[in-house]
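Undergrad: Have a look at the structure that comes next, please.
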């Protein structure tokens, strides 16, 4: 019989059952494997709403791990010379860089970028 990972921190705020066959499960999402660059269908757009009047360039539809998305975000921020962030499945670049980002992504091998 394999030993179970019994970390009490994963079970905080759990109501216990009297069912002897009850198994606790966590709802952790497994990370999706990163698609090859040629299969990524990235969409680049400019947005100004809900950003305090600041313009940002968004890169959406990245399919892959959080680390790979952060790496791509870091590359784009470095090449554009601006700040930004990676969260909620989007890469956010400060400023209006739509054409430059599309060019950079195509040079990097993301051929289906629009």
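Undergrad: State which residue is surrounded by the fewest Cβ atoms within 10 Å (Cβ to Cβ) when the search covers only the range 48-86 and only residues that are touching a residue at least 12 places away in the same chain (Cβ under 8 Å) and in a loop (DSSP other than H, G, I, E, B).
TA: Among those that are touching a residue at least 12 places away in the same chain (Cβ under 8 Å) and in a loop (DSSP other than H, G, I, E, B), it is 54.
Undergrad: Please go through (1) at pLDDT 85 or above; (2) out of contact with any helix residue (DSSP H, G or I) (no Cβ under 8 Å at 6 or more places or on another chain) for residue 50 and return the number of the only condition it doesn't satisfy.
TA: (1)
Undergrad: Do we have any residue at all in the range 30-40 that's touching a strand residue (DSSP E or B) at 6+ places or on another chain (Cβ under 8 Å), modelled with pLDDT of 85 or more and surrounded by 10 or more Cβ atoms within 10 Å (Cβ to Cβ)?
TA: Pass one, the range 30-40, residues touching a strand residue (DSSP E or B) at 6+ places or on another chain (Cβ under 8 Å): none.
Within the range 30-40, not a single residue is touching a strand residue (DSSP E or B) at 6+ places or on another chain (Cβ under 8 Å), modelled with pLDDT of 85 or more and surrounded by 10 or more Cβ atoms within 10 Å (Cβ to Cβ).
Undergrad: Okay, next question. Quick check on my filter: what residues within the range 95-112 are outside any helix (DSSP H, G or I) and closer than 15 Å to residue 46 by Cβ? Don't jump to the end; show me each part of the working.
TA: Step one: filter the range 95-112 for residues outside any helix (DSSP H, G or I), giving 95-97, 109-112.
95, 96, 97, listed by residue number.
The values are calculated or read from the model by the stated rules, or taken from the named source; none is laboratory data. As the structure is a prediction and not an experimental result, all values here were calculated from the model. Don't worry about glycine lacking a Cβ; one is built from the backbone with ideal geometry, like all the others, and counts go over all protein chains shown.
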